[in-house]
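Data first, discussion second: the structure below is written as structure tokens.
The values are calculated or read from the model by the stated rules, or taken from the named source; none is laboratory data. The model shown is predicted, which means the values in this text are computed figures rather than measured ones. Here the Cβ positions follow ideal geometry from the backbone for every residue, glycine too, while neighbour counts run over all protein chains shown. When the accessible area is computed, the model is the full protein with side chains, heavy atoms only, and any ligands, DNA or RNA have been set aside. Shrake-Rupley method; radii C 1.70, N 1.55, O 1.52, S 1.80 Å.
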Amino acid sequence: MRVKIIGSAAGGGFPQWNCNYRLSRAARSGTAGVHSRTQSSIAASADGTGWVLFNASPDIRQQIAQTPELQPADDAPLRSTPIRAVVLTNADVDHIAGLLSLRERQPFAIYATAQVLATLEANSIFNVLDPQIVPRRLLTPTEELAIRDADGRETGVVVESFPVPGKIALYLEQRDDPGADFSSDTGDTIGVRITGAGSRGAVFYIPGCARIDAALRARLVDAACLLFDGTLFTDDEMIIARVGPKTGARMGHIAMSGEAGSIAGLADVKIGRRVFVHINNTNPVLDENSAEHAAVKAAGWEVASDGMEMEF
Ligand code: MLT
Ligand code: MN
């Protein structure tokens, strides 16, 4: 099983179009150790030919352009793609907007939970992907499912989805709802366990997660690799950076650091490789020369960059 991180930044990307914070400025000016990143997505292949995307980011055109494996093969038909299916982990803009760039009557399959399928259904712009050509299929947590292409042929990639603590997409939030829970595990956000024919272990992809609970810790034991929500280093980071009023908790994203953070919460769980993805443009780990980057590495974590590839 090959897994490629094709987009390692959170929503907005890095640098974000309107961001003038020091990290975005450093990325723009080419500062050593500060690399640009596209928005949140990975690709997996069991046979090295067909690929399953996990999330379709607004940067998908650029991601395909910088990933030869996702481009039409030399001997393929005049219109073709090695992308066989797209699995969605929630309905956030950074995870579904790229579907709109995959129009052109090209067959592939979409897999998503009932909630996310309902969001696609409710927004008629997604009808640019004619369901007769691009079938929409239900992901039922926590069943194991063989991912198939539009014609029903197995890709060799097998997925088990499971709810994680998180929240509904920002644009679906009810304004001023006093009962809103930003760390519920009602299935608005899922994680996926990816395996496949001949794979030596399971890869977990969890780009959004509000909290580490006992169920998640138990699920991750013996994972070959964990690709996990690395949005923020500290919960109040966006407030301190003066770019916005929200904490990580309010956004449904656990911080890396602190007693309630992901590094501490997963420290004693046996995991082969642990890699932060979905990194926000305020996160100091984006600077490879920062103390925070060094701290994350010292704790046994890697910080994903675009194009990072692993084999299991
Ligand atoms: C998130 O991960 O919280 C969302 O992608 C935020 C957004 O919609 O920009
Ligand atoms: Mn996001």
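Points to keep in mind about this one:
- Inverse of mean 1/r across different Cα pairs in the chain, Kirkwood, Å: 19.5 Å
- Cβ-derived FRET efficiency at R0 35 Å, GLU154 paired with SER124, nearest 0.05: 0.65
- Applying 1/(1 + (r/R0)^6) with R0 = 30 Å to the Cβ-Cβ distance of ALA264 and THR186 gives a FRET efficiency near 0.75.
- FRET efficiency, 1/(1 + (r/R0)^6) with R0 30 Å, evaluated for ARG105 and THR31 via beta carbons: 0.10
- The GNM of the chain, with springs linking C-alpha atoms under 10 angstrom apart, assigns the highest mean-square fluctuation among THR247, THR231, THR113 to THR247.
- Antiparallel %, DSSP beta bridges [both residues in the range 2-306], to 5: 50 percent
- Here each label is just a point 7 Å from Cα along the line to Cβ, and for ARG242 and ASP176 those points are 2.9 nm apart.
- With protein chains left intact and a 1.4 Å probe, residues in the chain average 44 Å² of accessible area per residue.
- Trypsin sites (Lys or Arg not before Pro) within the range 102-195: DSSP coil, no more than 12 neighbouring Cβ in 10 Å: ARG105, ARG153, ARG175
- Here the accessible area of the chain is 49 percent carbon and sulfur, with a 1.4 angstrom probe and all protein chains present.
- GNM flexibility winner over the chain from THR119, THR195, THR89 (Cα, springs under 10 Å): THR119
- Within the same chain, lysines fewer than 8 places from LYS297 are excluded, and of the rest, those with a Cα less than 24 Å from its Cα are LYS4, LYS270.
- Listed residues ASN20, ASN123, ASN283, most fluctuating in the chain (Gaussian network, C-alpha, under 10 Å): ASN123
- With the simple spin-label model, which puts each label point 7 Å out from Cα in the Cβ direction, the ARG217 to LEU138 separation comes to 3.4 nm.
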